[in-house]
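The values are calculated or read from the model by the stated rules, or taken from the named source; none is laboratory data. None of the values given here were measured: they were computed from a predicted structure. Neighbour counts are summed over all protein chains in view; Cβ atoms, including those assigned to glycine, are modelled from backbone coordinates with ideal geometry.
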Amino acid sequence: MLTINKIFPQEKIPEKTESFLFFDIETTGFSRDNTILYLIGCGYFAEEGFQFIQWFNDDGTSEEEILLAFQNILVKKDWQLVTFNGNSFDIPYLKRHYDLNELTCDIEKYPSLDFYQFLKPFQNLFQMTHGKQKDWEQFLGLNREDKYDGGQLIAVYKDYLMSKDEDLLHNLLLHNEDDLLGMKYLLPLFSYRQIFLEDITLQGIAPANKVFERGNGSIAISCRLPLPLPQPLEVSTPIGDLFSDKKDLSILTITLPFVEDVLKHFYKDYHNYYYLPKEERAIHKSVGCYVERQYRRAAKASTCYVKKEGIFLPLPKAQKHFGIQIENYPYEKTFPLYKREYKELRWFAEFDDVFSEKNTGISVYLRDIIKELLITRMECDL
């Protein structure tokens, strides 16, 4: 077994990464049972810099040694594993090879952050065909020295075992090193993931000039993201727009249409209401019982409503597409919801209610609107 230790200078340890253990493996194929593990590389942040270690199976028979060496690192700390597609490949592969070598290592107990998985929803947004690690590196303007992929290096490794050629060894180690360092440089991409997980803060509201097909006007909602975006973002859809601030990439502006109209608020317990056709509204039976029978009828789900004139904003639809999920948030517990008609899927809320101090769900609203605009944009690109 060949062991390589390096320290890469790091001016400042990125926030919340003290427990991160980056790792990547190289194998002679995808099968977990009929291939050889020939290289494990890992790295983590320390006071002196980014600690980088590689264990190389230099004779084709040192798999057990490199597994044990990696295990010695694993047991030192409650790590958060960081990989690129590691949840699908690296971790299950290592688990199987620890078993094949009759070694005990519960690698699956460690929490895992997989760049490939959390970036997948954004792959279509940024029009990436594959969403490989090199694609995301290029997205950030990074260029690596390594020109190979893992599949091409299988033959290189087999040639090395026969020849022990130092140039071949360099290429094998370089590919793994660039993958590890590349993941470190991809850390700014976590800002996309955090949009879906952390609070988004309302900064301000202003009139907008954008004209949408279904709306009487539009507003610009300025909000602060949990982390600055690594690249400017601009999304235009039929139901709203997103664009990041040119000077501060932690500021995102949402442009939404508003509706100035008469909408309907529907009561769920329609069995307890009468509908008054001449007035086009429902009233509770405790009051409606005093209305003459000829002017009232039993309310249905579709007629159990009252009308309200005002300025309304759309609420995001519950849905899941492209790995992005919008759940049903109980806005109705805070303020009344409205529709144009009973069968319409889109709910609305009054402008003043959405931005009221009583609305404790404003961060959820902003986050889910962003999600819906991203989903809509990706659907438009299909």
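For the range 1-41, which positions are of a type in the set (Asp, Glu), surrounded by 12 or more Cβ atoms within 10 Å (Cβ to Cβ) and touching a residue at least 60 places away in the same chain (Cβ under 8 Å)?
Initial filter on the range 1-41 (of a type in the set (Asp, Glu)): 11, 15, 18, 24, 26, 33.
Now narrow it down to the ones that are surrounded by 12 or more Cβ atoms within 10 Å (Cβ to Cβ): 18, 24, 26.
Matches in the range 1-41: ASP24, GLU26.
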* Within the range 165-180, identify whether any single residue is farther than 22 Å from ILE53 by Cβ, of a type in the set (A, V, I, L, M) and at pLDDT 90 or above, and answer yes or no. => no
* Structure fact -> Checked the range 335-346 for anything within 18 Å of THR303 (Cβ to Cβ) and part of a loop (DSSP other than H, G, I, E, B); matches are PRO336, LEU337, ARG340, GLU341, TYR342, LYS343, GLU344
* **Among residues of the range 42-78, those that are surrounded by 16 or more Cβ atoms within 10 Å (Cβ to Cβ) and under 24 Å from PRO14 (Cα atoms), counted** => 12
* Asked: For the range 229-292, which strands (runs of 3 or more DSSP E) that fit wholly inside it have 2 or more residues that are in the same structural domain as GLU344 (by TED's automatic domain parsing) and under 18 Å from GLU213 (Cα atoms)?
  -> 234-237, 240-244, 251-266
* Taking LYS120 as the residue in question, decide whether it is under 21 Å from LEU229 (Cβ atoms) and out of contact with any Lys or Arg (no Cβ under 7 Å at 6 or more places or on another chain). => yes
* **Of all residues in the range 314-334 being of a type outside the set (D, E, K, R) and not in a loop (DSSP other than H, G, I, E, B), the one that is modelled with the highest pLDDT** => PRO314
* Asked: Condition test on ILE73, is it in contact with a strand residue (DSSP E or B) (Cβ under 7 Å, 6 or more places away or on another chain), among the aliphatic types (A, V, I, L, M), at pLDDT 95 or above and farther than 15 Å from LEU37 by Cα?
  -> yes
* Can you find even one residue in the range 280-296 that is touching a strand residue (DSSP E or B) at 6+ places or on another chain (Cβ under 8 Å) and farther than 29 Å from LYS343 by Cα? -> no
* Asked: Has the range 27-37 got at least one residue that is assigned by TED's automatic domain parsing to the domain that holds LEU161, over 20 Å from LEU186 (Cα atoms) and in contact with a Cys (Cβ under 7 Å, 6 or more places away or on another chain)?
  -> no
* Structure fact -> Here the residues within the range 358-382 that are free of Cβ contacts under 8 Å to residues at least 60 places away in the same chain, surrounded by 15 or more Cβ atoms within 10 Å (Cβ to Cβ) and either of a type in the set (A, V, I, L, M, F, W, C) or not in a helix (DSSP H, G or I) (or both) are ASN359, GLY361, VAL364, ILE375
* Asked: In the range 225-244, what residues are of a type in the set (D, E, K, R) and surrounded by 17 or more Cβ atoms within 10 Å (Cβ to Cβ)?
  -> ASP241
